[in-house]
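Just so you know, all these numbers are worked out from the coordinates, no wet-lab data involved. Quantities reported herein were computed from a predicted structural model and do not represent experimental measurements. Here the Cβ is made from the backbone with ideal geometry for all residues, glycine too, and neighbour counts use every protein chain on show.
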């Protein structure tokens with residue numbers, strides 16, 4: 001049996017080479033060297049290769065290179081019995097933790113507002129709370145979000161998280177379930193979105209959500225572009241309800257020329273740069289999942305296909 005590595009428009013050879021290095025003797029194939037599709041036992045992918053999934057009749061597992069799996073799960077041809085596993089490092093991603101700290105600190109120290117003042121040649125001094133007085137709220141507290149939230153907590157901020165399932169993290173207040181959503185928003189001066197895209201979370205950063213935040217709150221979106229209703233974000237900024245926003249992801253990427261997000265003075269546009277996905281951080285987890293699959297053991301980082309993440 002063979003493993004297919006497919007990375008879409010990105011070069012797949014480095015991924016295949018990294019996998020061969022830790023799984024010597026395995027038959028690792030690229031899409032242009034596919035051979036008999038019936039040989040493919042598993043795939044390591046960003047998205048599915050062209051053609052129907054049924055072309056791989058012996059497929060037993062899908063490994064996702066990216067943390068977001070909505071693009072894989074939305075494929076109606078994926079049989080229910082084929083597991084999907086995430087292959088990110090189980091301890092989170094140091095680059096995303098660093099990125100989160102950077103932008104939380106930017107908003108805490110009100111840099112977007114100072115930049116806007118600079119554009120007007122205006123000398124201003126804004127009120128500056130202490131970190132312990134700044135309430136940071138994380139939407140989602142999964143494998144990637146939790147280390148970031150803990151790092152923000154360790155910087156002295158007052159940190160909380162809104163989650164679907166129960167969590168117990170020292171120094172982080174947990175608001176669980178839909179009934180706790182409004183209370184979570186009301187205590188969050190800066191919200192950092194790490195949610196997966198599901199039917200329930202699409203458009204969650206909308207006018208109603210913004211209205212329930214404290215006045216002059218800030219928004220950081222590291223999740224997906226589908227979480228934000230762009231027009232509602234701009235309206236909340238223009239009305240002064242929100243102080244600023246940082247966006248790393250968008251519904252259309254690259255962001256279209258002429259999109260009003262580009263030119264809004266209180267929106268920081270980051271071109272999906274929260275991290276660079278590296279083979280060394282991914283292929284060890286995929287190899288572990290392959291070993292578990294063949295041994296009949298529980299798969300690590302198994303995606304809940306009903307929940308959507």
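Brief remarks on what is shown
- Where only DSSP H runs of four or more residues are counted, the chain gives -8000 deg cm²/dmol as its mean residue ellipticity at 222 nm, each run worth -39500 (n - 2.57).
- Protection proxy ranking, peptides 260-272, 98-110, 158-170, average beta carbon neighbours within 10 Å, highest first: 98-110, 158-170, 260-272
- If both residues of a DSSP beta bridge must be in segment 94-269, then about 5% of such bridges are antiparallel.
- Cα-based shape type of the chain, given that a ≥ b ≥ c are square roots of the gyration tensor eigenvalues and the cut on a/c is 1.5: prolate
- DSSP beta bridge pairing in the chain, given as percent antiparallel to the nearest 5: 5
- Global geometry of segment 30-183, whether rounded, prolate or oblate, following the gyration tensor of its Cα atoms and the 1.5 cut on a/c: prolate
- Prolate/oblate/rounded call for segment 94-269, Cα gyration tensor, a/c under 1.5 rounded: oblate
- Candidates 190, 234, 22, ranked by Gaussian network fluctuation over the chain, Cα under 10 Å, top entry: 22
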